[in-house]
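The structure appears below as structure tokens.
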Amino acid sequence: MTSLSKKLIPVAIFGALIAIAMLIRMNPPDTQQREPFAGPQMVVETMPVETGNYQVRLQSYGTVQPRTRSILVAQVGGQIISVNENVRNGGFFENGDVLARIDPRDYEADVRISEASLADARQALAEAEARTNQAREDWERLGNSGDAPDLVLRIPQLEAAKARISSAESALNKAKLDLERTQIVAPFAGRVLRKLVDIGQVVSQNTQLAEIYATDVVEIRLPLRNRDLGFIDLPESFRFSESREVADIDVTIRSDLIGDDSWNARLVRTEGAIDESARQLHVIAQIDDPFGKPRDGRSPLKIGQYVTAEIPGVELDNALVISNNTIYQGSYVYVVEDGLLRRKDIVIAWQNDVDAVIESGLSNGDQLVTTPLGQVTSGIRVAIAGAEGANRRAGAPGRPPADGEKMGKPEEGTAQ
């Protein structure tokens, strides 16, 4: 093969390719034109948005704590000779029960010594009074005119004897009080949280004996979210009314520690300052007789038990309330207008785990989409479930269009 033929072969191949491309361009293949799809692309369920009265119910949480909590301390020293059998961790006791006894013999001796000192002081006072009376008679018998001087009448000695009487009586009272304090008496009906000493132990004054708390009332410290403060009448807001009548706010306390239990409580006060760590305001709920006879199979409350609370707030008039399930990313919802899916931005005034009170963005009568939607575009044509012809030419929610169907043109700038 000559060199000229080698050069002509690539030129011939390239020319042949150009000829084939021109033939294809001049005679294109027939294409089947599909009619545009004008029906709905999905079926959605809707509900009309309606205004009405709505009772706000705030959610909170906390732990059960006693309202009255004390440390029993020994006011006198000595050996503990007996301990009440109920003075055990978790034991109950009544007001006035003797919880422990300290050896009283030293204090009984002090009482007898004080009684003897008082008897001596009374004798000294009687002698001083007799000398004073005798000095007055001698002054008058000698024919002295005017009042006798105090020193002549032995008045200072008489006053000193009276002072010794007062001192001896005080010493006796203190000795009797110390003797009385050898019996550790319960200041209220309560329960033992911790036992710190036992029989045979020698304690001194101010030794801690046990940690106790009253069982008449327990309290729960409940934090309120800052956005909830405008939707509740706090107890402090009506404490200073002219009538001085304080309306109780009933609170429902729940716990799932042992089954699903609930208790009735009352909101009794608001703390006077914002908590520095949580930056929230706390209110105090109170449960009366929490350790009484169990009712309806409920288990008794435990100190430190975690509970949740439902607090009734204000009642809103003409409120527009929707379910949280219909809200996307906390800022918008979907509605159906003229057969088209529309996205609407909303402003939430208040929200709990279930409902949301809408401040703006929706109007009374809007058809709110309740069907969960995935990646959809505002502006597509939809059908409302249950309406006439809703399922005509429509697949399952979120189904892409079949062959021959055409997506509706979305609104510019409204894609999710």
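The values are calculated or read from the model by the stated rules, or taken from the named source; none is laboratory data. No experiment lies behind these values; they were computed from the predicted model shown. Positions of Cβ are generated from backbone atoms using ideal geometry, with glycine treated the same way; all protein chains shown enter the neighbour counts.
Side notes on the structure shown:
- Scanning region 315-370 for residues that are polar (S, T, N, Q) and closer than 19 Å to residue 58 by Cβ yields 323, 324, 351, 352.
- Residue match in region 99-113 (condition: farther than 30 Å from residue 194 by Cβ and either among the small types (Gly, Ala, Ser) or in contact with a strand residue (DSSP E or B) (Cβ under 7 Å, 6 or more places away or on another chain) (or both)): yes
- Filter result (crowded, with 20+ Cβ neighbours inside 10 Å and on the phi > 0 side of the Ramachandran plot) within region 325-339: none
- Some residue of region 204-212 being in contact with a strand residue (DSSP E or B) (Cβ under 6 Å, 6 or more places away or on another chain), closer than 30 Å to residue 118 by Cβ, of a type in the set (A, V, I, L, M) and buried (at least 18 other Cβ atoms within 10 Å of the Cβ): no
- Qualifying residue in region 170-183 (condition: free of Cβ contacts under 8 Å to residues at least 40 places away in the same chain, charged (D, E, K, R) and part of a helix (DSSP H, G or I)): yes
- Single condition residue 94 does not satisfy, out of (1) closer than 30 Å to residue 292 by Cα; (2) of a type in the set (Asp, Glu); (3) crowded, with 16+ Cβ neighbours inside 10 Å: (3)
- Complete set of residues in region 48-69 that are in a strand (DSSP E or B) and of a type in the set (Val, Ile, Thr): 51, 56, 63, 64
- Some residue of region 303-324 being over 17 Å from residue 227 (Cα atoms), at pLDDT below 90, in the same structural domain as residue 236 (by TED's automatic domain parsing) and crowded, with 18+ Cβ neighbours inside 10 Å: no
Yes or no, residue by residue, for (1) at pLDDT 85 or above; (2) part of a strand (DSSP E or B); (3) over 23 Å from residue 187 (Cβ atoms); (4) in the same structural domain as residue 86 (by TED's automatic domain parsing):
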| residue | (1), (2), (3), (4) |
| --- | --- |
| 205 | yes, no, no, yes |
| 209 | yes, yes, no, yes |
| 228 | yes, no, yes, no |
| 236 | no, no, yes, no |
| 242 | no, no, yes, no |
| 245 | no, no, yes, no |
| 250 | yes, yes, yes, no |
| 254 | yes, yes, yes, no |
| 262 | yes, yes, yes, no |
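- Residues of region 75-88 satisfying the condition of being under 22 Å from residue 206 (Cβ atoms) and assigned to a loop (DSSP other than H, G, I, E, B): 75, 76, 77, 84, 87
- Residue in region 142-150 that is assigned by TED's automatic domain parsing to the domain that holds residue 122, in a helix (DSSP H, G or I) and farther than 21 Å from residue 111 by Cα present: yes
- Among the candidates 187, 223, residue that is in contact (Cβ under 8 Å) with a residue 60 or more places away in the chain and within 20 Å of residue 57 (Cα to Cα): 223
- Here is the figure for region 308-364: residues that are under 22 Å from the mean Cα position of the chain (by Cα), part of a loop (DSSP other than H, G, I, E, B) and over 20 Å from residue 48 (Cβ atoms) total 2.
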